[in-house]
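What follows is a set of notes on a single structure, which appears directly below.
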Amino acid sequence: MKEEKSGPLILLFSPREKVRSILTAGFMQSDYRIIDATTSYIAGIKANQYLPDLIIADITQNNIKDFLFLSRLERSTRTRNISVLLSVTPEVKKALDKIREEVAPAVEKNEEKRVHVIEYPYNFNNLVKKIVSILSEKSGDSPEESKKPIESKKILGERLFDPQVSILDKLRIIEGTVEKQWAFPFTVIRSLEVIGSEKSCYTELAKCIEADLAATSAILSISNKVHYASRYGRITNVLDAVVRIGFNDTRNILAGLALIDVSPEVYLQYGFKRTEFWMHSLATAIIAEKLCRNTKIKRPELAFIAGLIHDLGKIPLDNNFTGIFTRLLEETTNTISSFYEIEMKLMGFSHAGLGHFFSTNWDFPSPITMSILNHHDSEKIINTKIQMDRVIQESVYAANIFSKAMSLGHSCDEVLTAIPIKILKELGIPEGPKDPFLKKIFETLKLYYEYLKISAEDVVLDEPQRNTKDIRIFVVTSADSVFHPLILGLKSNGFPVIITKDLPEIEKGKSAVALFIPGKDSPLDITLTADDSEQEKDDTSILKIFLLDGVETEDPKKDFTKSNILMMNSNHIDLRLVLQIIEDYYYATTM
């Protein structure tokens, strides 16, 4: 990542180092912020993560198929409105027009407005004029006026990356930069304290709310919405509002409002959009609470609070330090690693540890603080002795993965990990969440988004659109029951998923993906040949993906279309990468 700028953010994709170097230097001179990508896979992942104002794609005769990554951008609700400028030769433009007619007729209506072309040779000044025109048309204003400089405390955070500084000292450095008013609101903490009193909890909660003018206004407004409105008329009393809404929903709504307060957009750095952050947090909270309720344990409401603030440790890293968050994100996307892994690698601690540090200072109950600390560590969760504490932690751990797989909001990566069967069994979902459960999650989210006044433009909660391409996903396993979050991710992206013990014969000319989840004693369905050139192409109509323990993560620079056999670490699956591999493989076998 280059030095911090305040202008529009441009994602520059080119496999040619010289082109990247020249354009990067020119753009930074013009105060643009630049991130670059050498492959279409990395370009797609970075587009999804950073949501740039514009993507510039250098398409030549040597990489003409990279044009197809536009199809993946179009299919994603996060990236479909990003403007793209293709830099091409006249010959390539003709070829691209032909490809668009043959394989991407549905990329289409929206593409006419967002995809632009500039032909070689061109002068850099003309390129800048083209960019200004595109961004002005997109925003309805000039880029300079539409982009405000990022507000930051400009605090040097290099000590967070210094291995000579102890972890405790690093946490204290962060604590020292946080303003005194940055604390989880008293209203929410007090509401947790009054849960135990069956007779007085409504009255006590109402008193908590009445002490907070903003909370009073919000709860009264929500109690009079259509969902809660009744023939008894408009409510103007807080206690009556709490009774009408219900204790649990009132407490959850307060917590949701509190999260918005402590994570405002004012400190936003690109790649970490606040609205999407707490949409992911809210989805995790709702899923976690419902998982807990299904187990019949006491106090499932603690899972909601824990799920809501499980990622809160990311906020001060973004708010209070210049360059820290962008460096972490850059390393995450360049290596296709989880944000948690990169934090541990570069700083020695993670947002989970930082969130635990703050929630402990807020005197939150132990099940909440430990859920925050362990939401990436299934082994520690499984070894928790007290059942209630263990189940709450399990629910937050699983809910975080489910919400990522279902693309409910967005955190800092889309890396999915296998969920241990012990956790799935204790939560009562050995085969993963079923459709009725997921439908209930969507219904609840829609209500909460209404209560919290999330714009319809910020959230897509429609049922997944059926994939229009003639491609099916077969999950092949010898186990009686099997679940991997990737299955949920594929379903959420509209792919028909069929679970089977034997891969059926695929009709010639049809494309299919076989997702193998073998048991320890199961042989791999791979044909070996004497010819190395044919070694990985035993059936070009089937893309075989093996989810295995302990294998190395695939190199993001690899050309995945040259092989129809992929070995992937079941505990490290980047959903964006898999979707793009499937998309590219489909085009490679049908063109």
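None of the figures in this text is laboratory data; all of them are computed from the coordinates on show. Quick caveat: nothing in here was measured; it's all calculated off a predicted structure. All Cβ positions, even for glycine, are placed from backbone atoms using ideal geometry, and neighbour counts span all protein chains on display.
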Determine the distance separating the Cα centre of the range 348-386 from the Cα centre of the range 401-432; give it in Å without decimals.
18
Checked against a 22 Å limit on the C-alpha separation, the offending pairs among Lys439/Lys491; Lys440/Lys544; Lys404/Lys446; Lys98/Lys491; Lys510/Lys544; Lys93/Lys544 are Lys440/Lys544; Lys98/Lys491; Lys93/Lys544
Going by C-beta contacts inside 10 Å, put Tyr122, Tyr451, Tyr32 in order with the fewest on the left.
Tyr122, Tyr451, Tyr32
Can you pull the one-decimal nm distance between simple spin-label points at Phe161 and Thr236, each 7 Å off the Cα toward Cβ?
5.9
What full-extension length gain, to one decimal in nm, is calculated for Tyr120 and Lys434 as 0.36 nm per residue of separation minus the Cα-Cα distance?
107.8 nm
Loop-resident GluC sites (Glu not before Pro) in the range 1-102 with no more than 12 other Cβ atoms inside 10 Å, DSSP not H/G/I/E/B, are Glu3
Once you have the Cα-Cα distance between Leu524 and Asn294, take 0.36 nm times their residue separation minus that, and quote the gain in nm to one decimal.
79.1 nm
Contour minus Cα-Cα span, Lys225 to Ile22, at 0.36 nm per residue, comes to 67.5 nm
In sequence order, calculated HN-Hα J values of the range 486-502 (Karplus, 6.51, -1.76, 1.60; Hz; x Gly/Pro):
4, 4, 5, x, 5, 4, 5, 9, x, 7, x, 10, 10, 8, 8, 8, 9
If amide H atoms are built 1.01 Å from N in the plane of the peptide, which residues on other chains or at least 5 residues away come under 5 Å of the amide H of Leu416?
Ile573, Asp574, Leu575
